[in-house]
Amino acid sequence: MDGTVDEEPGDLAQEISEGASRDGRRIAVVESLTGGLVSSDLAAASGSSEWFRGGVVAYDRTTKHGVLNVPDGPVVAEPAVRAMAENAAEMFGADVVVAVSGAGGPDPQDDQPPGTVWFAVSDHGRTDAWVKRFPGDPPDVLKATRIEALHALREHTAAAHAD
C-alpha cells in the first residue's frame with residue numbers, strides 16, 4: 001500500500017464505499033489489535049448498508065482459533081491472517097475481506113517485536129498477505145494499522161473498476 005498515516009480514515013472509507021457501491025462488492029473485516037476501528041470507519045461511510053457485510057473483532061487468540069479456525073500456532077503470523085480473511089469471507093458471504101493481527105506493543109507477541117502487523121486480503125478467493133513494521137507507541141501502531149487496512153480495501157475496490 002502506498003498511503004500515509006496522515007490520510008483521514010473517513011475519507012478512505014468513503015472512497016471504498018464509492019468503489020464497492022459502483023461494482024456491487026460486499027466487504028467484511030476481521031480485526032485483532034485495531035479492536036473494531038476499521039469496521040467502525042466502514043460502517044460510518046455513506047451507503048455502507050448496501051455493501052458492508054460486517055466484521056469480527058477477534059482480539060483473543062482463543063477466539064481466533066475457535067471462531068475463525070485459525071490454525072494452531074502464533075496469531076501474529078501469515079497463516080493466521082490468511083485463515084482469518086478466508087474464513088470470514090465464507091462466514092459473511094463477502095467478496096473482499098481484510099484481516100489484521102499484530103503486536104501493538106509495548107511488549108512483543110508471538111516472538112514478534114512491537115509494531116509488527118500482518119495483513120491479509122481475500123478477494124474472490126485469492127488471498128494476499130504481507131507484514132509491516134510500524135514505529136511508535138501502541139496508539140501510533142493502531143493508527144498506522146487502521147490506515148493500511150483501509151488502503152488495502154481501497155486498492156481492491158479500485159482494482160475491480162480497472163478490470
The answer for residue 55, listing residues at least 5 apart or on another chain whose modeled amide H is closer than 5 Å to its amide H, is 29
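Could you work out the helix-only [θ] at 222 nm for the chain, with each DSSP H run of four or more residues adding -39,500 (n - 2.57) and the total divided by the number of residues, to the nearest 500 deg cm²/dmol?
On the way: 6 runs with 74 residues, N = 163.
Computed ellipticity for the chain at 222 nm equals -14000 deg cm²/dmol.
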What are the semi-axes of the equivalent ellipsoid of region 51-114, taken as the square roots of 5 times the eigenvalues of the Cα gyration tensor, listed largest first and rounded to whole Å?
-> 22, 12, 10
How fast does region 94-160 diffuse by Stokes-Einstein, in µm²/s, taking the Kirkwood radius from C-alpha pairs at 20 °C and 1.002 mPa s?
-> 174 µm²/s
What is the extension gain from residue 90 to residue 6, computed as 0.36 nm multiplied by their sequence separation minus the C-alpha to C-alpha distance, in nm to one decimal?
-> 26.9 nm
In whole Å, largest first, what are the principal axis extents of the Cα atoms in the chain?
-> 42, 33, 25
Cut-off 18 Å (backbone N to label point 7 Å along Cα→Cβ of residue 111), residues of region 52-82 = 71-81
Take the Cα coordinates of region 16-102, assign each an equal point scatterer, and use the Debye formula without solvent to give log10 I(q)/I(0) at q = 0.16, 0.19 Å⁻¹.
-> -0.56, -0.76
Rounded, prolate or oblate: which one fits region 1-52, using the alpha carbon gyration tensor with axes a ≥ b ≥ c (rounded when a/c is under 1.5, else prolate when a/b beats b/c, else oblate)?
-> oblate
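Taken together, the values in this text are just the output of simple stated rules run on the coordinates, not laboratory data. Nothing here was measured: the structure is a model prediction, and the numbers come from that model. Glycine gets a Cβ as well: all are built from the backbone with ideal geometry, and neighbour counts include every protein chain shown.
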